[in-house]
Amino acid sequence: MQRPTFSELFTLLSGATLSSSELAQLRAWIAGIRDPSECLALVEAAAAGRPCPHCSAVRLHRCGRASGLQRFRCLGCARSFNALTGTPLARLRKRERWLPYLQCMLESRTVRQAARDTGVHRTTSFRWRHRFGPGAARHRPSTLSAIVEADETYRLESQKGARQLTRPPRRRGGAASRRGINREHDCLLVVRDRSGLTLDFHTGRGPVTAAQLRSRLTPVLSPDVLLISDSAAAYARFAAETGITHAPVNLRAGRRARGAIHLQNVNGWHSRFKSWLMRFKGVASRYLANYSGWQRLLDGHELKTPAQWLCAAVRQAQSRQVQTST
C-alpha cells in the first residue's frame, strides 16, 4: 500500500471537521515534533572551543561535516572528532527525540512511560536514561563551605536485571539475612551545606569508613568548614586526621538538634530521594549512583529545561576529559 504524501494528508485534514479533543491531540503531536538540527545546534554551542578529546590539544582545523555535525581534525594527534566524541551521547541515534525524552526525565517518567511518550523502544529508553542522566549529573558543585551536614542512607543490595545472581534470589526485594547495617547494604553518602548545595557519593557496601570519607570529602570541603554528622566513629576519625571542625549529633541518645547543630537538611534530602525512588519499583545497585545524581539535579532546580540538561551533559563530559588528561 502506497503511503499518502504530505499534500494529500494536508488536503484531507483541511476538509475534515475536527472536535476539540482531536484538535488538542493534533496540536500536541505537532508540538512534539522536533527538528534534529535544533538539538545539534545546542550540542555544537555547548561544545564550542573544546580541545581535542584524544590529546587535549587546542590547535584544530575543520574537516567537513558528518551526520549534521561539524568535524574537526587535531593538528597534534591527527585524529578527527565532533562535538559528541567522548561524551555519553556519542553514537546515539534519533536525535530529534532527545529533547522530548529529556522532558520526560525532568518529569521523572518511568522507562516505559518515556518510551511511549517519545515513540522509542523501552530498551532505547533505558539506554538513554543511563546516558543522559550520568552525563548531566556531573554538573555538581566543586566545594561546600560554612556549615555542612553529612549522613548516609542505606539500601539493600539489588541485582535487578542481572543474568546471573551471586546469591540466592529474594522474593519481592526481601530482607537482609541479619539485622543492622552490613555488607548486604549499599551506602549512599550525602553531604549538603546550608545554602542547599549537595553532593552524593556511592561508597560501596557496608558502613562508611574513615578512608572513604577522606577520599570523597577532602577535595570538596573548605578547610574552615563545620562538619555536622551523627556519632559514628568514622566521622570523628576523619575530622581528626584532616583537622576539620566536627560537631557530632548523638541520635541514639535522642538529641536530634542543638540549635544550629542538626542533620535535618540532609535527612530531608534522604526522605525525598527514597519517596522519589519508589516510582521505579526497585533500582539495581550498579545504577544507584545514576539515580541519586538524577534526583540531585531535580532537587536543586538548576536544570529546568531539556536544552539546559542537554548542554550540561555535553559540557560536563568535556570538562571531565580535560581534568583526566591533565
| query | So which cysteines in the chain don't have a second cysteine's C-beta under 4.7 Å from them? | reply | CYS39, CYS63, CYS104, CYS187, CYS311
| task | Give me the distance between the Cα centres of region 56-125 and region 144-220, rounded to whole Å. | result | 31
| Once label points are set 7 Å from the Cα along Cα→Cβ at both ARG163 and ARG256, what is their separation, rounded to one decimal in nm? | 4.7
| remark: Longest principal axis of the chain (C-alpha) makes with the long axis of helix 6-15 (C-alpha) an angle, in degrees to the nearest 10, of 90
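Given a cut-off of under 8 Å on Cα pairs at least six residues apart, what relative contact order in percent is computed for the chain? If you can, show how the numbers build up before the last one.
Details: 439 pairs, mean separation 71.0, N = 326.
That works out to 22 percent.
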| query | Rounded to the nearest 20 Debye, what is the dipole magnitude of region 195-280 about its Cα centre when Lys and Arg each give +1 and Asp and Glu each give -1 at the C-beta? | reply | 380
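Restricting to DSSP loop positions (anything but H, G, I, E, B) with no more than 11 other Cβ atoms inside 10 Å of their own Cβ, which trypsin sites (Lys or Arg not before Pro) remain in region 40-81?
On the way: sites: ARG59, ARG62, ARG65, ARG71, ARG73, ARG79; in loops: ARG59, ARG79.
Listed in order of number, the matching sites are ARG59.
Percent of Cα-Cα pairs more than 32 Å apart in the chain, please. Please report the intermediate quantities before stating the final value.
Values: 23471 of 52975 pairs.
Considering the chain, 44 percent of its Cα-Cα pairs are separated by more than 32 Å.
Over the chain, give the accessible area per residue in Å² for a 1.4 Å probe, as an integer.
Numbers: 18630 Å² over 326 residues.
Heavy-atom accessible area per residue stands at 57 Å².
Whenever you get a sec, compute what percent of the accessible area on the chain sits on carbon and sulfur atoms (1.4 Å probe).
On the way: 9610 of 18630 Å².
Whole-percent figure for carbon plus sulfur exposure: 52.
Just check region 100-219 against the gyration tensor rule for me: Cα atoms, a ≥ b ≥ c as the square roots of the eigenvalues, rounded for a/c under 1.5, and otherwise prolate or oblate depending on whether a/b exceeds b/c. Don't jump to the answer; show the numbers that get you there.
On the way: a/c = 2.54, a/b = 1.15, b/c = 2.20.
Oblate, since a/c reaches 1.5 and b/c is not below a/b.
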| field | Fully extended contour minus Cα-Cα distance, from GLN113 to PHE280, at 0.36 nm per residue | value | 59.0 nm
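So how much slack lies between THR305 and SER21, counting 0.36 nm per residue of separation and subtracting their Cα-Cα distance, in nm?
Details: separation 284, 0.36 × 284 = 102.24 nm, distance 2.71 nm.
Extra length from THR305 to SER21 when fully extended: 99.5 nm.
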| field | Value of D in µm² per second that Stokes-Einstein yields for region 144-214, Kirkwood Rh from Cα pairs, at 20 °C (1.002 mPa s) | value | 153
| message | Taking the 0 to 90 degree range and rounding to the nearest ten, how far is the long axis of helix 36-46 tilted relative to the main principal axis of the chain, both from C-alpha atoms? | response | 40
| message | Using only the Cα atoms of region 189-326, what are the Rg and Dmax in Å? | response | 16.7, 49
| query | Helix 306-325 versus the longest principal axis of the chain: what is the Cα-based angle in degrees, 0 to 90, to the nearest 10? | reply | 60
| Taking the Cα centre of region 174-326 as origin and charging only Cβ (+1 Lys, Arg; -1 Asp, Glu), how large is the dipole, in debye to the nearest 20? | 480
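Using the Cβ atoms and a cut-off under 13 Å, what net charge is assigned to the surroundings of LEU197, where Lys and Arg are +1 and Asp and Glu are -1? Before the final figure, lay out each step's value.
Details: positive: ARG140, ARG192, ARG194, ARG296; negative: GLU149, ASP193, ASP200, ASP299, GLU302.
In short, -1.
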| query | What number, rounded to the nearest 500 deg cm²/dmol, is the helix-based mean residue ellipticity at 222 nm of the chain, given -39500 (n - 2.57) per DSSP H run of at least four residues and division by all its residues? | reply | -12500 deg cm²/dmol
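Taking the DSSP beta bridges in the chain as the whole, what percent of them are antiparallel, to the nearest 5? Write out the running numbers ahead of the final one.
On the way: 25 of 34 bridges.
That works out to approximately 75 percent antiparallel.
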| message | If I take all pairs of Cα atoms in region 9-138, what percentage of them are more than 23 Å from each other? | response | 48
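The values are calculated or read from the model by the stated rules, or taken from the named source; none is laboratory data. Remember, it's a predicted structure, so these values are computed and weren't measured experimentally. Reconstructed Cβ throughout: ideal geometry from the backbone, glycine too, with neighbour counts over all protein chains shown. Surface accessibility is based on the protein's heavy atoms, side chains included, excluding ligands, DNA and RNA. Shrake-Rupley method; radii C 1.70, N 1.55, O 1.52, S 1.80 Å.
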